[in-house]
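Accompanying notes for the structure given below.
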Amino acid sequence: LLSILAAPALTRIYMPADYGVLGTFMAITGTIIIVATLQYGMAIMIPEKKEDSLALLHLSFLLVCVCTVITFFLVWILNKPLLRLIRAEDLSYWIYLAPASVFFGGMVSPLSVWANRAKAYKVLSLSRVVPQIFTVVVSIIIGLLVKGPTGLIISYILGQLINCGVLIFFLIRSEPAWLTWQPVNNLKRQIKLYRAFPLYTLPAEFINVFTSNLPVFLLNRFAGPVAVGAYNFSNRLL
């Protein structure tokens, strides 16, 4: 509802091409985020023992950090060939923020599952509503001060950060034991026990996310950022 109410203001501040840059950024980082935890975070709901769920949570944190580091090096090494391939040269400056987006977005997934396991539905609601409010407000303020997609991308990453922060704050308040690192043997046991998630769930989720982002990549290559912006904005409102 907030996105729809803010649409008339945002469309007068930002050009369709600006939303095209944001849409391409979201498509690239969103495709990477889906593999960040190898879907082990989804298994947090299953174990009966809290220690095993914490082990899966810690494993997810480790995998997100590894994925962030890999993304950082790929961005610095392959950003130009990649952006040239999909004709997204307008993203050449903003692509360096991709590791931050991957980190915050990757952390949100296992933290959300943990909050779901704890039946903290109010926290889950806050983690969605509060970032959305900040995203809209910040994008409007920055958009009035700076032209281009700056406000859209910064507000998007800020929303991810706030989402992650709300969930981490709940984790710290509700589960002091999360700071106690689980033994390596337990981590290995959870990896083996729930190996079906990276083997079966991950490919399915990756194909699902990639195909949903495929129009962005194709439109960017064959129609340009203005078409991507129109598609992205319409998709967000829908």
Lone qualifier among 152, 161 - being in a helix (DSSP H, G or I), touching a residue at least 40 places away in the same chain (Cβ under 8 Å), open to solvent by 20 Å² or more (accessible area, probe 1.4 Å) and not polar (S, T, N, Q): 161
Test result for residue 29, surrounded by 15 or more Cβ atoms within 10 Å (Cβ to Cβ) and either outside any helix (DSSP H, G or I) or in contact (Cβ under 8 Å) with a residue 40 or more places away in the chain (or both): yes
Qualifying residue in the stretch 3-14 (condition: within 15 Å of residue 156 (Cα to Cα) and among the β-branched types (Val, Ile, Thr)): no
Filter result for the condition that a residue is among the charged types (D, E, K, R), in contact (Cβ under 8 Å) with a residue 40 or more places away in the chain and surrounded by 14 or more Cβ atoms within 10 Å (Cβ to Cβ), over 221, 236: 236
Residue in the stretch 25-45 that is closer than 19 Å to residue 152 by Cα and of a type in the set (Phe, Trp, Tyr) present: yes
Single unsatisfied condition, residue 166 versus (1) among the aliphatic types (A, V, I, L, M); (2) open to solvent by less than 50 Å² (accessible area, probe 1.4 Å); (3) more than 28 Å from residue 22 (Cα to Cα); (4) in contact with a helix residue (DSSP H, G or I) (Cβ under 8 Å, 6 or more places away or on another chain): (3)
Long-range neighbours under 8 Å by Cβ, at least six apart or interchain, first residue at negative phi and open to solvent by 80 Å² or more (accessible area, probe 1.4 Å) within the stretch 132-144, second assigned to a helix (DSSP H, G or I) and of a type in the set (Gly, Ala, Ser): 134/155; 134/159; 141/151
Residue that is farthest from residue 60 (Cα to Cα) [pool: residues in the stretch 84-105 that are touching a helix residue (DSSP H, G or I) at 6+ places or on another chain (Cβ under 8 Å) and of a type in the set (Phe, Trp, Tyr)]: 94
Looking only at the stretch 65-86, and only at residues there that are open to solvent by 100 Å² or more (accessible area, probe 1.4 Å) and within 22 Å of residue 221 (Cβ to Cβ), the one that is modelled with the highest pLDDT: 77
Failed condition for residue 100, given (1) of a type in the set (Gly, Ala, Ser); (2) open to solvent by less than 10 Å² (accessible area, probe 1.4 Å); (3) part of a helix (DSSP H, G or I): (2)
Filter result for residue 200 (out of contact with any helix residue (DSSP H, G or I) (no Cβ under 8 Å at 6 or more places or on another chain) and modelled with pLDDT of 85 or more): yes
Residue tally, condition within 13 Å of residue 37 (Cβ to Cβ) and either open to solvent by 40 Å² or more (accessible area, probe 1.4 Å) or modelled with pLDDT of 95 or more (or both), over the stretch 181-193: 1
Out of 93, 200, sole residue that is under 21 Å from residue 40 (Cβ atoms) and of a type outside the set (Asp, Glu): 200
Which listed residue, of 172, 154, is within 30 Å of residue 89 (Cβ to Cβ) and among the β-branched types (Val, Ile, Thr): 154
Which listed residue is closer than 22 Å to residue 111 by Cα, under 21 Å from the mean Cα position of the chain (by Cα) and among the polar types (S, T, N, Q), from 213, 186, 220, 163: 163
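The values are calculated or read from the model by the stated rules, or taken from the named source; none is laboratory data. All values derive from a computational prediction rather than experimental measurement. Positions of Cβ are generated from backbone atoms using ideal geometry, with glycine treated the same way; all protein chains shown enter the neighbour counts. What goes into the accessible areas is simple: the full protein's heavy atoms, side chains included, and nothing from ligands, DNA or RNA. Shrake-Rupley method; radii C 1.70, N 1.55, O 1.52, S 1.80 Å.
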